[in-house]
Amino acid sequence: MAHWFHRNPLKATSEVKFDLKMVASDSQALKICSDLKQARYRLLQLFPDANHEIDVIEPALTLYLSLLRGLIEAPEGESSGWSKIRHALRFRWTHSMLGNTPEAHYDAVFEMVSILQNAAFWYMKHASKIAGQEDVSMDEAKMVHRSLRRGAGLLKYAQDEWVDKLLESLASGSDSDPRVHTAYLNQATAEAQEVTIARAVELKHNAGLISALSNETSKLFMTAADSIASLEEKKFGHWRTYLRLKSTFYATYAYNYAGENMLNQDNCGDAIRALQEAKKNYEMAADLCKEYAHTKGPGTQAKPEKHQFFRRLAPIINRTLEKCERENGMIYHQKVPYDPPQLELRATYGLVSPDDYTLPPAAPLWSPVTYAAFDLTKSNLEDAAGNSKAAQKAEGDLPPVKEADVHQSSKDHKNNSGCSVM
């Protein structure tokens, strides 16, 4: 879907040397430090380019997380479940919506959370890249769906399993702020359901099912928009407007297909009212597209109003509404209700849930002997004063991540739905 998805910036970070102090020189311990540095560097080189294939990103992510896990969790048999060197290194990361000023934590869990979040953002960007191609095969459409579910799964895992284990509180509007997390999680889930809806339209599935799926998707986008409503408009307004317009657009779809379903059941009066509501919501979505285009803020500039999937809906609504009004005047003579009909509360199938994600086991290099080689008494905790606000200000901001260009086709697609992922 060319210019269909809004994407926020990646998180930026600074170099980490993994210069851990040791009781005595140990070849395996030295190798862990070297491998951590190289694996992190490799992963950070891959994140800015959504054109990479998943089978390039996943092994790099798994390798680094397996090495990082040894900084967080102690080997079996130790008295504490947390590694003695969890707080030995300082990690600096920005947040996707808060500009170039980083947060710094002496906490490997902070690094874990940030890496998982950035990986999730990469999956969302990769899905957008595939969907923006001129011709998308069925296998590629499934890859869009899979990428969005995986992105949602990574976000959910980071938030549910690790964020509450951070010792320091995070800034308002950070990527771990529950409001921001809710927005990202619901956006990724809703966008995966967009693929399901387009598939259902393309295969001419039951109109009632399409309406119910569209209604669920509209609610997910609105939940995402509402979750960041209390955050700073200057930073979050652009993103929130996108979420609102997507919610309104899928409400349009829901009422349109509800009207079609009611007509098929000879409930012509209700069908007319549903289609009137669809027309009203479409006009609201078009206005929100204009508002989105003029609202400043971080992130890409989607152009949903120019996409065939958006443009094709207006004439469908008008044709179906005219047909209903004509047949109601000639055949049914049913009263048109003042209030719109209630939409299906839950689709019977086709709903998306985030992928389950589990952390890879610690790398085999993390043996009890290797762990013992690291000396907590010589750790970098003595430099904790360097984490003061004054010290961070002196260090300055981090440059934004320079992301690779991703081609987005502007051609219409020759199918029933107008969706490029079908």
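The values are calculated or read from the model by the stated rules, or taken from the named source; none is laboratory data. Predicted, not measured: the structure shown is a model, and the values here were computed from it. In this analysis, Cβ positions are derived from the backbone assuming ideal geometry, glycine residues included, and neighbour counts consider all displayed protein chains. Accessible surface is based on the protein model in full, side chains and every heavy atom, while ligands, DNA and RNA are left aside. Shrake-Rupley method; radii C 1.70, N 1.55, O 1.52, S 1.80 Å.
Here are a few things to note about the model shown:
- Scattering profile of region 94-179 at q = 0.11, 0.14, 0.25 Å⁻¹ [log10 I(q)/I(0), Debye over alpha-carbon scatterers]: -0.37, -0.55, -1.19
- Residue-averaged 222 nm ellipticity for the chain, from DSSP H runs of 4+ at -39500 (n - 2.57), nearest 500: -18000 deg cm²/dmol
- Region 195-348 - convex hull of the alpha-carbon atoms, volume per residue in Å³: 112
- Mean Cα-pair separation over length for the chain, i.e. relative contact order, pairs under 8 Å, 6 or more apart, %: 29
- With N counted as the residues of region 1-132, its alpha-carbon radius of gyration over 2.2 N^0.38 Å works out to 1.18.
- Dividing the mean sequence gap of close Cα pairs (under 8 Å, 6+ apart) by how many residues region 199-303 holds gives a relative contact order of 33 percent.
- At q = 0.21, 0.26 Å⁻¹, base-10 log of I(q)/I(0) for region 1-51 (Debye sum, equal scatterers on each alpha carbon): -0.84, -1.03
- Among L89, I316, V195 the positive-end extreme of the charge dipole of the chain (Cβ point charges): I316
- Residues K204, K235, ordered by accessible area of protein heavy atoms at a 1.4 angstrom probe radius and largest first, appear as K204, K235.
- Accessible heavy-atom area order of D26, D55, highest first, probe of 1.4 Å: D55, D26
- For the chain, the dipole from Cβ point charges (+1 on Lys and Arg, -1 on Asp and Glu) about the Cα centre works out to 780 debye, to the nearest 20.
- Ranked by solvent-accessible area (1.4 Å probe, protein heavy atoms only, all chains present), the residues K280, K165 order from largest to smallest as K280, K165.
- Reachable lysines, given that their alpha-carbon falls under 17 Å from the alpha-carbon of K21 and they are not under 8 places away in the same chain: K31, K37, K84, K378
- Spherically averaged projected area of the convex hull of Cα atoms, region 229-282: 4.0 nm².
- Accessible area of E53 (1.4 Å probe, protein heavy atoms only, ligands and nucleic acids ignored): about 100 Å².
- Under 14 Å, Cβ to Cβ, from N264 - net charge with Lys/Arg +1 and Asp/Glu -1: -2
- Counting only lysines at least 8 places from K129 when in the same chain, those with an alpha carbon closer than 17 Å to its own are K142, K303, K402, K411.
- Stokes-Einstein, applied to the Kirkwood radius of region 32-75 over Cα pairs at a viscosity of 1.306 mPa s and 10 °C, places its translational diffusion at 145 µm² s⁻¹.
- Computed from the Cα positions only, the extents of region 104-254 along the three principal axes stand at 54, 32, 25 Å, in decreasing order.
- I85 accessible area, 1.4 Å probe, all protein chains in place, Å² to nearest 10: 10
- Directionally averaged projected area (convex hull, Cα atoms, the chain), nm²: 21.9
- Working from Cα pairs under 8 Å separated by at least six residues, relative contact order for region 38-177 is 22 percent.
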